[in-house]
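Here is the structure we will look at, set down as structure tokens.
The values are calculated or read from the model by the stated rules, or taken from the named source; none is laboratory data. Computed from a predicted model, the values in this text were never measured in an experiment. A quick note on method: Cβ atoms are made from the backbone with ideal geometry, for glycine too, and the neighbour counts reach across all protein chains shown. Areas reflect the complete protein model, heavy atoms only, side chains present, ligands, DNA and RNA absent. Shrake-Rupley method; radii C 1.70, N 1.55, O 1.52, S 1.80 Å.
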Amino acid sequence: MRRGPLTILAVAATVLTAAPAAAERLVSSLSSHRVLITPSFTGTELVLFGTVERDAASVPRRGSYDIVATVSGPRETLVVRRKERMFGIWANADSRTFVEVPSYLAMLSTRPAEEIAPLDVLLRLQIGLRRTLLPQRIGPDTADVVRDDPFRNAFLRLKLSHDLYVDTPNEVTFLTPILFRATIPLPAGAPIGNYEVDLKLFADGALIARGGDAFEIVKFGFEQFVAGAALNHGLLYGLATALMALLTGWLASVVFRRD
Amino acid sequence: MFLEVGSEGSSRRRMTPVQVYLPIADLPVNIFVVFAMGIAVGFISGMFGIGGGFLMTPLLIFLGISPAVAVATVSSHIAASSFSGAITYWRRKALDLSLAAMLLIGGIGGTAAGVWLFTYLRALGQLDLTISLSYVLLLGSVGGLMVMEGVRAIIRSRHGKPVELRRPGSHTWFHGLPFKLRFKQSRIYVSSIPVVMIGFIMGFIGAIMGIGGGFLLVPMLIYFLRVPTNVVIGTSMVLTLVTMATATVLHSVTNHLVDVILALILMVGGVTGAQFGARAGQKMRGERLRLMLGVLVLAVGLRFAVDLVMTPDDFYSIRQLEGAQ
């Protein structure tokens, strides 16, 4: 008699591991798919909405769902430099190059990652800033280093302090058991380019579904014109700026003339 | 136009009323803060007859603008204020165009060399240190000399002796150099070699440090070339104008770092402040003005020295890898 529920549980577990993808589906959308940088841009926030779609194959879950949203910006290669005292003054000495790392990276989840899934799963899926792969150029090789490496720590600390890396364990909230919402904070310094949103749905410590979305940050209108001109028509841009300087200087001498 | 529209989420960030996003520096700044900086530096530049770049560049760096963008952008700001000044001196016929032209031959070459070194150091990752070190060495030594000279002049005038800046007839070694030219307006007859050299030095340090160098050029012209004080500022402004306009164009072509929006706010503030500064300066005695300028130059130099010597708050810095130059 006491074997009944255990058998059902075992069957359920088999179903779960055999066909996890068919059980639930993640459907999500962003409040905007294009962030425009205008002269008044001081950073913004995007709202991510989503729902967990269940079908006939879905099994009842014991615990609630967990969502991990990873937002990553365009890749860039950065140099972290360490100052050292040389001849009494502080100068950049050692440096480490971080190759093709996300310029922006946000880890948003319903709970601290350690409570969502076991450590090996978190490591494999690169969930959490400490577990994200950050390739670095070391000698002729490109590889990530031990997690307590001072350059790696400094990199994460600086990125976090500029709000370019975000680690918010309680940012994703479930409004109903299947409807969730999260805000993606984008600071003024977020670089332009394409951003990817990767969503992972966990239940009972296992990844059961994935979803994704994308948005872009673009310079718009005047900002786009100026930045484009500076980059593509350097000579014309420089001449125009110099001319503007002369005009301003001349205007001042006319306006304030006193004789 | 630039008023920030308060949105639901923005309350979480620092609320600053009037922000403008700089397209090249890639960060928002408070338009009034930048404008006020322009006016303040303009006031000082008008008062002393200098460009004020040595104050403006550090202030911009302090605001969070990268040193490279600050140096490149300030060059256009100085071009504006020195053009406004040069016109005023031109009306009074208080400038020597032929001397300025000779200085310019060296000045343009020096600017090009400076922009080249600037680009090279940027690729090496030592640009910030070079800018800081140049500020310490140059401003420290020049400021120190100016303060000493100013104090001596004031003591002399207290004792009732006249202040003599120009000692006619006293010759230095380079008066024996060839290619001598007569500059009528300045009433001097000197070799063109030191003139071109001074121009070169000014252009070179101007491009690297983001300063016009008026505070350096004026004493150089007075002490080395014996240019009379009535034409020296106007002439120095013409040189500053051309080297800084050239630097603006060259920085735009090579490094794409001139922020036109930042430049516009700065120059409008700068030329306005300069007018009031010039009026304030006319009411003060010459030697006292020079002493004040010396103290100011020295203070900025010391400020940089403190930063270099003091243990930094953060040993690490992060910077995007510059293009494969």
- prompt: Which angle from 0 to 90°, rounded to the nearest 10, does the C-alpha axis of helix B:192-209 make with the longest principal axis of chain B?
  reply: 20 degrees
query: When the convex hull of the Cα atoms of segment B:190-325 is projected onto a plane and the area is averaged over all directions, what value comes out in nm²?
result: 11.8 nm²
task: Just tell me, in residue order, which DSSP H segments of chain A are both 30 angstrom or longer along the helix axis (alpha-carbon based) and at least 1.6 in mean Kyte-Doolittle hydropathy.
output: A:234-255
- request: Please report the relative contact order for chain B, taking Cα pairs under 8 Å with a sequence separation of at least 6, and give it as a percent rounded to a whole number.
  value: 37 percent
- request: Indicate the residues belonging to segment B:74-89 that lose 50 Å² or more of solvent-accessible heavy-atom surface (probe 1.4 Å) upon moving from the chain alone to the assembly of all protein chains, ignoring ligands and nucleic acids.
  value: B:Phe83
- prompt: If you rank A:Leu125, B:Leu239, A:Leu133, B:Leu177 by how much accessible surface each has, with a 1.4 Å probe, what is the order from largest down?
  reply: A:Leu133, B:Leu177, A:Leu125, B:Leu239
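What accessible area per residue comes out for chain B, rounded to a whole number of Å², with a 1.4 Å probe? Mind showing how you got there, number by number?
Numbers: 14290 Å² over 325 residues.
Here the residues of chain B average 44 Å² of exposed surface.
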message: For the pair B:Ile105/B:Leu137, report the inter-label distance in nm, with labels modelled 7 Å from Cα in the Cβ direction.
response: 2.8 nm
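Probe radius 1.4 Å, ligands and nucleic acids left out: can you give me the accessible area buried at the B-A interface, summed over both chains, in Å² to the nearest hundred?
Summing both sides, the interface buries roughly 5100 Å².
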field: Estimated dipole of segment A:23-108 in Debye, rounded to 20 [Cβ of Lys and Arg +1, of Asp and Glu -1, Cα centre]
entry: 280 debye
statement: Cβ-Cβ cut-off under 12 Å around B:Phe315, Lys and Arg +1, Asp and Glu -1: the net charge is +1
task: On a C-alpha basis, how far is the centre of segment A:157-234 from the centre of segment B:190-218 in Å? Whole number, if you could?
output: 49 Å
task: Quantify how strongly other chains surround peptide A:156-163 by giving the mean number of their Cβ atoms within 10 Å of each of its Cβ atoms.
output: 2
query: Starting at 0 and stepping by 10 Å, how many percent of the alpha carbon pairs of segment A:83-221 end up in each bin?
result: 9, 34, 33, 16, 6, 1, 0
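Seen from all sides and averaged, what is the projected area of the convex hull of the Cα atoms in chain B, in nm²?
Averaged projected hull area, Cα only: 19.4 nm².
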- line: The relative contact order of segment B:187-249, taking Cα pairs under 8 Å that sit 6 or more residues apart, comes to a percentage of 38 percent
- request: Compute the relative contact order of chain A as a whole-number percentage, counting only Cα pairs closer than 8 Å that sit 6 or more residues apart in sequence.
  value: 27 percent
query: Which Rg and Dmax, in Å, describe the Cα atoms of chain A?
result: 25.3, 110
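Any chance you could run the full-extension gain for B:Leu177 through B:Lys93? It's 0.36 nm times the residue separation minus the Cα-Cα distance, nm to one decimal.
27.3 nm
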statement: Longest principal axis of chain B (C-alpha) makes with the long axis of helix B:97-124 (C-alpha) an angle, in degrees to the nearest 10, of 40 degrees
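Can you give the translational diffusion coefficient of segment B:53-150 in µm²/s, computed by Stokes-Einstein from the Kirkwood radius over Cα pairs at 20 °C and 1.002 mPa s? Don't jump to the answer; show the numbers that get you there.
Numbers: Rh = 15.7 Å.
Roughly 136 µm²/s, to the nearest whole number.
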query: Can you pull out the chymotrypsin sites (Phe, Trp or Tyr not before Pro) in segment B:50-149 that DSSP calls coil and that have at most 11 other Cβ atoms within 10 Å?
result: none
- request: Select from A:Ala69, A:Ala23, A:Ala227 the residue whose mean-square fluctuation is largest in a Gaussian network model of chain A (Cα-Cα springs shorter than 10 Å).
  value: A:Ala227
query: Would you list B:Ile31, B:Ile188 from the most to the least accessible area, probe 1.4 Å?
result: B:Ile31, B:Ile188
message: Just to be sure I understand the interface: list residues from segment B:293-317 that lose 20 Å² or more of accessible area between the chain on its own and the complete protein assembly, 1.4 Å probe.
response: B:Leu308, B:Val309, B:Thr311, B:Pro312, B:Asp314, B:Phe315, B:Tyr316, B:Ser317
message: Mean-square fluctuation check for chain B, GNM, Cα pairs under 10 Å: which of B:Ser157, B:Ser186, B:Ser76 is largest?
response: B:Ser157
query: Which of the residues in segment B:21-36 show a loss of at least 50 Å² in accessible area from their chain by itself to the complete set of protein chains, at a probe of 1.4 Å?
result: B:Tyr21, B:Pro23
- prompt: Roughly how tilted is helix B:127-158, in degrees to the nearest 10 and between 0 and 90, from the longest Cα axis of chain B?
  reply: 40 degrees
- prompt: Top mean-square fluctuation among A:Tyr195, A:Tyr237, A:Tyr65, Gaussian network model of chain A, C-alpha springs under 10 Å?
  reply: A:Tyr237
task: For chain B, build the charge dipole from Cβ charges (+1 Lys, Arg; -1 Asp, Glu) around the Cα centre, then report which of B:Ile205, B:His77, B:Leu289 sits farthest towards its positive end.
output: B:Leu289
- prompt: Can you list residues whose amide H is under 5 Å from A:Asp144's amide H, if they're 5+ apart or on another chain and H is modeled 1.01 Å from N?
  reply: A:Gln136
- request: Sequence neighbours fewer than 8 away in the same chain don't count; with that in mind, list the aspartates and glutamates whose C-alpha is under 18 Å from B:Lys184.
  value: B:Asp96
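Calculate what fraction, in whole %, of the accessible area of chain A sits on carbon and sulfur atoms when a 1.4 Å probe is rolled over the protein chains.
Carbon with sulfur: 60 percent of the solvent-accessible area.
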- line: Full extension between A:Ser58 and A:Ala143 adds, at 0.36 nm per residue less the Cα distance, a length in nm of 26.6 nm
- prompt: Which shape class applies to segment B:212-279: rounded if a/c is under 1.5, otherwise prolate when a/b exceeds b/c and oblate if not, where a ≥ b ≥ c are the square roots of the Cα gyration tensor eigenvalues?
  reply: oblate
statement: Residue-normalised 222 nm signal for chain B, counting each DSSP H run of n ≥ 4 as -39,500 (n - 2.57), nearest 500 deg cm²/dmol, is -23000 deg cm²/dmol
message: What distance in nm lies between label points placed 7 Å from Cα along the C-beta direction at A:His162 and A:Leu175?
response: 3.4 nm
field: Fraction in percent of alpha-carbon pairs per bin - 10 Å, the protein assembly as shown
entry: 3, 15, 22, 20, 14, 10, 7, 4, 2, 1, 0, 0, 0
